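Undergrad: Questions regarding the structure given below will be posed in turn.
The values are calculated or read from the model by the stated rules, or taken from the named source; none is laboratory data. The model shown is predicted, which means the values in this text are computed figures rather than measured ones. Here the Cβ positions follow ideal geometry from the backbone for every residue, glycine too, while neighbour counts run over all protein chains shown. All accessible areas refer to the heavy atoms of the entire protein, side chains included, with ligands and DNA or RNA removed. Shrake-Rupley method; radii C 1.70, N 1.55, O 1.52, S 1.80 Å.
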Amino acid sequence: MASAASRPRTAGSGNERRPLPLPLRLLATLCAFTFMVAFAVVLARLTLQPSPASEALTHSNLTPGSSLRAYLDQPELRDAVKQIGGNILLGVPFGVLVPVVAPRTRGILRVLLLTATVMLLVEFAQGALVTGRAFDIDDVILNTTGALIGYLLLGRRLSRAVHARRPRRGRAGEKSPAGKA
C-alpha cells in the first residue's frame, strides 16, 4: 500500500509538480522581487562606494587565483575568510532569487551566466568609475560560486515551488500534440 508521500502529485507522471495557487505565487514572486531590489541596493553600497584611502593600494587583477593567493598569504586568517567568504556570500542571493523572479533563468547554467555577467558589470564599474576600487576577476569567480551554492541549496527548490514546469512534448512513449506516437 503506497503512502501519501510516495503518491504522485498530479494525475500524470510522478515528475510533474503542481505550482502554488496563483495568489501565493504572486506573493512569493513579489517578495523575491522586493528582496532582489534590496539586495541590489546593498550590492551597490558595498561595491560602488568610493574608497579614497585605498586608492594607492588598489590594482586590477585579471589573473584568476591571484587575489585568492594574496588573501590566503595574509598573516591573519580572519582577513582571508572575510574577503573570500564575503564575496561568496554576495553571490548567494542571486542563486536564490533570480530563478524565482525570472523563471526563464531557471537552470544552473543560466543562473551562473547571469550572475557572472552582472558581477562582471559591477567589477567593470568599480574599476572604471569608483575611486579606490579596482576590477578583480577573483571577485567575479567567488560571487558566481556563491550563486551556485544559493541555487543548489534553495533557489532551485523555491523556483520549482513557485513556477510549474511546462510539460515537454515529444518524449519517447508520450503522444505528440497531433495524437501520433
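Undergrad: Quick one: is LEU158 within 30 Å of LEU30 (Cα to Cα), surrounded by 16 or more Cβ atoms within 10 Å (Cβ to Cβ) and at pLDDT 85 or above? Steps first, please.
TA: Working: within 30 Å of LEU30 (Cα to Cα): yes; surrounded by 16 or more Cβ atoms within 10 Å (Cβ to Cβ): yes; at pLDDT 85 or above: yes.
Against the criterion (within 30 Å of LEU30 (Cα to Cα), surrounded by 16 or more Cβ atoms within 10 Å (Cβ to Cβ) and at pLDDT 85 or above), LEU158 qualifies.
Undergrad: Now, a different point. Kindly check whether there is at least one residue in segment 100-122 that is over 29 Å from HIS59 (Cα atoms), in contact (Cβ under 8 Å) with a residue 60 or more places away in the chain and of a type in the set (A, V, I, L, M).
TA: yes
Undergrad: Also, quick follow-up: Within segment 55-74, can one find any residue that is under 30 Å from ARG157 (Cβ atoms), modelled with pLDDT under 85, among the polar types (S, T, N, Q) and surrounded by 12 or more Cβ atoms within 10 Å (Cβ to Cβ)?
TA: Among the residues of segment 55-74, not one is under 30 Å from ARG157 (Cβ atoms), modelled with pLDDT under 85, among the polar types (S, T, N, Q) and surrounded by 12 or more Cβ atoms within 10 Å (Cβ to Cβ), which makes the answer no.
Undergrad: ALA44 is checked against (1) exposed (fewer than 13 other Cβ atoms within 10 Å of the Cβ); (2) touching a residue at least 40 places away in the same chain (Cβ under 8 Å) and fails just one. What number does that condition carry?
TA: (2)
Undergrad: Being touching a Lys or Arg at 6+ places or on another chain (Cβ under 9 Å) and open to solvent by less than 30 Å² (accessible area, probe 1.4 Å) narrows it down to one of GLY95, GLY127, so name that one. Before the answer, list the steps.
TA: Working: GLY127 fails: open to solvent by less than 30 Å² (accessible area, probe 1.4 Å).
One residue alone meets the criteria, GLY95.
Undergrad: Additional query: Of all residues being among the hydroxyl-bearing types (Ser, Thr, Tyr) and closer than 20 Å to ALA44 by Cα in segment 116-167, which is farthest from the chain's Cα centre (by Cα)? Just the residue, please.
TA: Restricting attention to segment 116-167, the residues satisfying the condition of being among the hydroxyl-bearing types (Ser, Thr, Tyr) are 117, 131, 144-145, 151, 159.
Then keep just the ones that are closer than 20 Å to ALA44 by Cα; that gives 117, 131, 144-145.
On the way: THR117: 11, THR131: 28, THR144: 7, THR145: 9 Å.
Top of the filtered list is THR131.
Undergrad: Quick one: which of THR115, THR47 is closer than 14 Å to VAL140 by Cα and modelled with pLDDT under 90? Please lay out each step first, then the result.
TA: Values: THR115 fails: modelled with pLDDT under 90.
Residue meeting the stated conditions: THR47.
Undergrad: Out of all the residues in segment 17-40, which are among the aliphatic types (A, V, I, L, M) and not in a helix (DSSP H, G or I)? Even if it seems obvious, please write down each step before you answer.
TA: If we filter segment 17-40 for residues that are among the aliphatic types (A, V, I, L, M), which is where we start, we get 20, 22, 24, 26-28, 30, 32, 36-38, 40.
Across segment 17-40, the qualifying residue is only LEU20.
Undergrad: Continuing with the same structure: Exactly one condition in (1) at pLDDT 85 or above; (2) in contact with a helix residue (DSSP H, G or I) (Cβ under 8 Å, 6 or more places away or on another chain); (3) not basic (Lys, Arg) is false for GLY132; which is it?
TA: So the condition that GLY132 fails would be (1).
Undergrad: Shifting gears a bit: Given the criteria farther than 16 Å from ALA147 by Cα, touching a residue at least 24 places away in the same chain (Cβ under 8 Å) and of a type outside the set (A, V, I, L, M, F, W, C), does PRO64 qualify? Lay out the reasoning, then the answer.
TA: Values: farther than 16 Å from ALA147 by Cα: yes; touching a residue at least 24 places away in the same chain (Cβ under 8 Å): yes; of a type outside the set (A, V, I, L, M, F, W, C): yes.
Criteria met by PRO64.
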